[in-house]
Structures are given as C-alpha cells and as structure tokens.
Amino acid sequence: GDGVDVLFARRPIGRAPTGVRDPVNGGTPSEHPALPRSITCCGRTLQVQLEGGQGTAARLLSPAEAKDSITFNLDAFGSLVSDVAAAAAREGSGDRAACEEVAELWSVLAARSVPSTQMIVEENAKDLGDKVVVVADEQTDGRGRSGNSWTSPAGCLTFSAMFHVNLLDISKLPVLQYAVTLAAVKAIDQEVARLLHDIDGPTYGLDSEPFSRIKWPNDVYIGRRKVGGVLCHASKHAGPHRGGGGGSVLPGDTYRLTVGVGINVNNAEPSLCINQAVREAFPGASTKLTTREGLLASMLPKIVHTCKATCLHNSFEPLHAEYYKHWLHSGQHLSVKTSADSEGLGGGGATTGDTVHVKVNGLSPSGFLLAKREDSGEMVELHPDGNSLDLMEGLICRKVMP
C-alpha cells in the first residue's frame, strides 16, 4: 500500500570480522536465517527485496519509495555500533559481551513511516528470528501502556527490539521494564556527556549527577518533563536457550522479549526533547546535537546487558543502586488509598478506601513501590488502582507479602 514506507535491513548491524564467536552462546554463529520475502503489519502485506553483495542487507518495499526518504542513517548506525563495541573492549566494560553481540549478531530494519514498530516485531516474530531491532522515523499507530496512543513524530527515536531471555521465575518478568528504562537513561546520559566532553572538555558533573531521570514505572524524564517511555512484552518461546561455555541449555524457560522505546531526541513537540534540554541546561556549551543513531547505538547494548543481568540473578536488586540514582521518587511523600488487606496495619485503624500518608523507600522484590506508612511505620506496597493514566496518581497500599 502507499501508506507504508520502505523498510531496509542490515544483518549483522556492525562490521563484524569473519569467524567471530558468539559471545553469548559460546560458538561460531550460525548463518542468520534468511529474511522473509514478505511480512505483515496491521493487516497489510509488505514485500521484501534483498540487496547487497552477500545478502547481508534487505529492502522492504512499497510502491514508488526510495531509500533516501529514510532519515535514519543505517551506515552511520552500523559504524557507531562497531565503535561502541570496540570502546567496550578497550575499556573492559561490564557490558562488553552485549556490545559485541549487538554488533556481530543482531539485525536492524529501518523505515520512514510505519503504523507501529512493536506491531511489526510481534506480528512477524517467528519469521524475523532472535536479535532484531526495528526503527522508524515516525509511527502512525503507536501504543503505550494499557493500549494508550503513543505519539511518535519525526525527530523521535522510535524502535522495538526483540531477543530471547532465560528466566527462572515468571514473576520477575514485570521488572524487565525497569531494566530497559535504566538502560535508556544511562544511554542518554552517556551520549550527552560524550558530546559535551568531546567539544567542551568537562562533562558538567554528569558523571556524578544524572541528567535524565526515571518516573516509575517506565517513563523517562529530564528535570520534571517527560521525554520518552518504555513498553515491554514477553511471550514464552518453544525452543531452548543456550548459554556460554559449551553451548549448554540454560535452566528455566525461554521468553521472547519485545521492547518498545520512544525517546524525543530532536523535536520540540509534543514534549521536551533531549537536544532542547541540553541547550537549556548548558547554554553555549556546544552546538553538536545528540543523534538518533548515536543514542540507539549506545542504548541497545545496555538494554541487552541490563535485561540479561536481571535474568541471570533472577532479580533486579543488583541494579537497584544505579536505578535509584536516576529515579524521581526516593523519599517522596504520597497520599494513597488503603486496600482491604491493609486495614488496621500497625494499629493505624484505617479501613478500606481511607487516605493514608506514606514515604517512598524503594522497590519491593515484586517490583512495586515500597513505602512506609507515616501513621504506623508499617512497610507497604503501592499498587496502581487500574483507573489512572498516571500510575503515580492512583495508588493503593497493600501489605508487603512475606
């Protein structure tokens, strides 16, 4: 149809040397499965045309479209991903394996305009395979939490990534969105600090004081204004997931994790964008701007690293310190409603639906907000009431389960 743009693909993303070993599965990578000749999106069939000397790139065409209509630069992105992997190797970074994996084993598909990157990935998951990212200049039918409309105009970094994770405890799936949100804010701060350092020398304190923040559960803020958000979906995968060493099958179940991220990089509408925030925070610092390609090259390995670290430890707790450094809620005072199972907690005498005052302490093991009641000192979990678009506005307190 005329409404869906060209979608180009590169596999692998980076300029991987021949004979590289899979840093995750412990062996030489098998050939990437052939990209499908067609995929679907919102009931429409999109045709795929392969290009490139060795079949490492593909073109997904709709009538009368041209590659130069896409503003996301695949060549620049591939080079930046390789640069990130090389820097991680030189520095002995903790996410080195994730950087190498993204450069050597992942595929990227880019389009000018699509209904939804998340829909493309989810509708074609079996055909696209493991380790793929779809990025679009804009999307016309994006969805956020609870199916809410997500605006993604030009200038935003809008992408969905799909990869397999191994999880021992299915109850830990919800905290993976915290891992992704942490990866997003770390990537923003790294990119902003790098640009400021490259041009002006100092990093303006960004090494110690975060530039971007997390609003629970999955929003990205700069100051008190939202610049983006995260959405995660997981489904059980039938095949085994293999680990390092001899490629042995890992314990637990394998899930296909689909991560959707939207970050406003360079568009003053509909909200604050990163480059506008940098100009406001550091007037005259430089005119060099954060790019979508640079931010995604930094962010994608961090997403892989934080999610797999959470799965490896079967807990988000090892990342709590980094997460709390960025989030907005430490020590925040809130007024919340009591639930039936919190009646009379600690002698407070509250009944269902009463308003009580609490102070946020952190995250509970199950991923909800952990807070202390100011009337009784009792620790409670804060759960969304299911009715409020802003989850922080509709909270009820429940007992912390042993």
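The values are calculated or read from the model by the stated rules, or taken from the named source; none is laboratory data. Bear in mind that the values here come from a model prediction, so they are computed numbers and not experimental data. No Cβ is skipped: glycine too gets one built from the backbone with ideal geometry, and neighbour counts run over all protein chains shown. For accessibility, only protein heavy atoms count, side chains too; no ligands or nucleic acids. Shrake-Rupley method; radii C 1.70, N 1.55, O 1.52, S 1.80 Å.
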Quiz prompt | Members of region 181-194 that are surrounded by 24 or more Cβ atoms within 10 Å (Cβ to Cβ) and of a type in the set (A, V, I, L, M) | solution = L182, A183, A184, V185, A187, I188, V192
Quiz item: Just one of the numbered conditions (1) within 19 Å of R225 (Cβ to Cβ); (2) at pLDDT below 75 is not true of V249; which one?
Solution: (1)
Quiz item: Quick one: what pairs do we get from region 214-232, first residue free of Cβ contacts under 8 Å to residues at least 40 places away in the same chain, second open to solvent by 40 Å² or more (accessible area, probe 1.4 Å), C-beta under 8 Å, 6+ apart or different chains?
Solution: D219/K226
Quiz item: Out of all the residues in region 173-191, is one or more assigned to a helix (DSSP H, G or I), at pLDDT below 90 and of a type in the set (D, E, K, R)?
Solution: no
Quiz item: Can you name every residue in region 325-339 that is farther than 21 Å from I263 by Cβ and either at pLDDT 95 or above or not basic (K, R) (or both)?
Solution: S330, G331, Q332, H333, L334, S335, V336, T338, S339
Quiz item: Are any residues in region 275-330 closer than 29 Å to I170 by Cβ and without any contact (Cβ under 8 Å) to a residue 12 or more places away in the chain, and if so, which ones?
Solution: L312, H313, P318, A321
Practice problem: Being outside any strand (DSSP E or B), at pLDDT 80 or above and open to solvent by 10 Å² or more (accessible area, probe 1.4 Å) is the filter here, so list the residues in region 367-402 that pass it. | Solution: F368, E374, D375, S376, G377, E378
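Just the residues that are aromatic (F, W, Y) and modelled with pLDDT under 95, please, taken from region 146-162.
First, the residues of region 146-162 that are aromatic (F, W, Y): 150, 159.
Selection gives W150 alone.
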Exercise. Give the residues of region 340-366 that are farther than 14 Å from I396 by Cβ, open to solvent by 10 Å² or more (accessible area, probe 1.4 Å) and either at pLDDT 90 or above or in contact with a helix residue (DSSP H, G or I) (Cβ under 6 Å, 6 or more places away or on another chain) (or both), sorted by residue number.
Key: K359, N361, L363
Quiz prompt | Unmet requirement for T290, which otherwise passes all of (1) in a helix (DSSP H, G or I); (2) surrounded by 15 or more Cβ atoms within 10 Å (Cβ to Cβ); (3) in contact with a helix residue (DSSP H, G or I) (Cβ under 8 Å, 6 or more places away or on another chain) | solution = (1)
